Amino acid sequence: MTASFWQRVPRGRPPGDPTWASRHRTIVVVLVGHVVGLPIYGWIRDIPFAQCMFSVAPLVLLTALAASDHLPRRLRAVAATLGTVVSSAVVVSFSGGYIEAHFHFFVMLFVIMLYQDWLTFFLAIAFVGVEHAVVGVLTPGDVYGEHTHQAADPVKFALIHAAYVGAAALAAIGNWRLTDRAQAATEEIAEQLEFEVSHDPLTGALNRREFETRITDVLTRVEETDANVVCVLDLDRFKIVNDTCGHPAGDRLLVEVCEVLKNVLAPGDTLARLGGDEFGILVERPTVEEAVALAEAACAALAAHRYKADGRTFAASASIGVLPLFGQVRYVEEVMQLADAALYGAKEAGRGRVHVHQQGDVELNRRQSDSIWAGALLDALHEDRLELVYQPIVPTAQPEAQTGGRIGEILVRLREADGSLISPGLFFPAAERYDLLPALDRQVVAKAISMIAAHYRPGEPTNDDLYTINLAGPSIGDETFRTFVQTQLDEHKLSPSLICFEITETVAITNLGVARRFITELRSTGCRFALDDFGSGLSSFAYLKNLPVDFLKIDGNFVKTITHDSIDRTMVAAVNKIGHEMGLRTVAEFVEDDETLAILREIGVDYGQGYGLGRPGPLTSWLTDRRPPTGSPSRSAGTTAAVA
């Protein structure tokens, strides 16, 4: 019963240790002020010195106890509380029981309220009741002064005074409760916001930001002997669940995956959802082997898990890339790149397995390089830092027999901030891997058409010149790309006969119907087409008759060895013969010397392209140097094709 009563007693939330200590020091200072000030007040009120010292002595003792650091916190609070009410009693006594002096008790109530402890208020209430009753009986003038009706019934008015003090105490405690509730609600909202900032709302796991923060913390204290491992996990064929059962089913699967992983991981391991169906795990184990074993256990647990939705059952298998941290990386960005590369290694090895990154892993280093170049290419696309260069395609015939206009291929380079040019061999694999080829093609086509149009005014002769531009497979399959090309030509009023698009044989035969439709629609506007790297496929000739192209570019791997390999020479001759039979002009790539050129001329190949005939140079320089004069007639037969 008593315990139940004390449990129901309203109370404020006690302050933390630093706050309590600060408030307690303030109350002790107040007590010290009274120890000094009350004797002075007694002397002003003509209180005998002995009586004055006797009255203040208990306050001195209580102040000393409150100031002692050797006593427990609760005992010091009790001493300080009794000291405040004793000081009020002395003030009332020295004043001769003035009613106004009783307000000192209420002032001290606000002082002891700093403790936010119900015990201090009960002590104050009890002291007022007892002190007013006892002193009111013994020396009523010290409590009630000239109020004889109160002095005549000291116990009654002691209870009344105690009741007032109790009411003030209850009001203070009630205020604490309201304040505590408001503070608790604020803290709950703050905690919720803090949780949402660092956690994934769907699964409750950490989000990518918090995961990377914790990796950064590990990197600052990692030692060579620490077995800290970062795992990046991606569900295999998760898209099937979304496509067949809907995204809510996919969301439920992600929640179940988290539960499976939590059952495998130890309490000290860190699990995060990085985005989509990708998860991250930070593992700390005595050895790397144990950390890798945990990743394999997670992989096995997910492979064994079955998820049911809409009457279907799915396996939640996953691929995991593992990166040991010690001695390999210093920055979190590098950690995530290498872990992602290890993940792709697991996927390419057959999915549903673990791949551990090792120093010197060539394939993973290549993937990391790709991600860096992808970022550089994106910056270049946004900042218009693509540089177009031109390499001439030269007739193989003797100069006196050459006819027609100038032909050349437009190539692309990435210009870095310092002005240096980067070959596409470095950034093209990254563009292919990260689906940047369509954006790259669009910017190259738009820039090339704009630059060419500035040198071939509407109505001026083109002199049968031709500029070839390479296109990637994704652009061929994009239904909006043909419209984009036509819009660029119309906007710049450029004759389509100046443009020839190159498509590699591999791209063309991968989706023959799409390639044929694309070529046919653009050829109808006046553009021309070349089939690049012809001969690299096993069924080249079978597909050739289904593609309405104008030029056939012979794979340079055959051309560069024709001076000493009779089989490659026969291959080049066969491709050339078939091309001519179909009414196509042929172009040999990789022409590096005069001997190769002479053999190509003997075979009858129409054009050659390579460093032996002209190195790539800035397109702007080529156009400026070779701009057709305004109003000049079309180039007549016998014009020599220039070599850059």
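The values are calculated or read from the model by the stated rules, or taken from the named source; none is laboratory data. Given the structure is predicted, the values throughout are model-derived calculations rather than measurements. All Cβ positions, even for glycine, are placed from backbone atoms using ideal geometry, and neighbour counts span all protein chains on display.
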Exercise. Can you find even one residue in the stretch 188-197 that is modelled with pLDDT under 75 and either more than 27 Å from residue 26 (Cα to Cα) or exposed (fewer than 14 other Cβ atoms within 10 Å of the Cβ) (or both)?
Worked result: no
Exercise. Which of the residues that make up the stretch 266-292 are of a type in the set (A, V, I, L, M, F, W, C) and surrounded by 13 or more Cβ atoms within 10 Å (Cβ to Cβ)?
Worked result: 271, 272, 274, 279, 281, 282, 283, 288, 291, 292
Seminar exercise, completed: Within the stretch 478-526, the residues that are over 23 Å from residue 391 (Cα atoms) and not in a helix (DSSP H, G or I) are 478, 493, 511, 524, 525
Exercise. From 252, 273, which residue is in a helix (DSSP H, G or I) and either in contact with a His (Cβ under 9 Å, 6 or more places away or on another chain) or assigned by TED's automatic domain parsing to the domain that holds residue 313 (or both)?
Worked result: 252
Exercise. Only one of (1) surrounded by fewer than 20 Cβ atoms within 10 Å (Cβ to Cβ); (2) within 10 Å of residue 94 (Cα to Cα) fails for residue 42. Which number is that?
Worked result: (1)
Exercise. Applying the selection to the stretch 354-412, what residues are in a loop (DSSP other than H, G, I, E, B) and at pLDDT below 85?
Worked result: 357, 358, 359, 360, 361, 397, 398, 402, 403, 404, 405
For this session: Could you tell me which residue of the stretch 598-628 is nearest to residue 533 (Cα to Cα), considering only residues that are of a type in the set (D, E, K, R) and part of a loop (DSSP other than H, G, I, E, B)?
Result: 606
Exercise. Of the residues 237, 208, 252, 214, which single one is under 23 Å from residue 347 (Cβ atoms), surrounded by fewer than 20 Cβ atoms within 10 Å (Cβ to Cβ), of a type in the set (D, E, K, R) and modelled with pLDDT of 85 or more?
Worked result: 208
Seminar exercise, completed: Taking the stretch 443-477 and keeping only residues that are among the β-branched types (Val, Ile, Thr) and crowded, with 18+ Cβ neighbours inside 10 Å, one is left with 444, 445, 449, 452, 468, 469, 476
Problem set entry | Residue, farthest from residue 463 (Cα to Cα), within the stretch 404-444, restricted to residues that are without any contact (Cβ under 8 Å) to a residue 60 or more places away in the chain and among the basic types (Lys, Arg) | 415
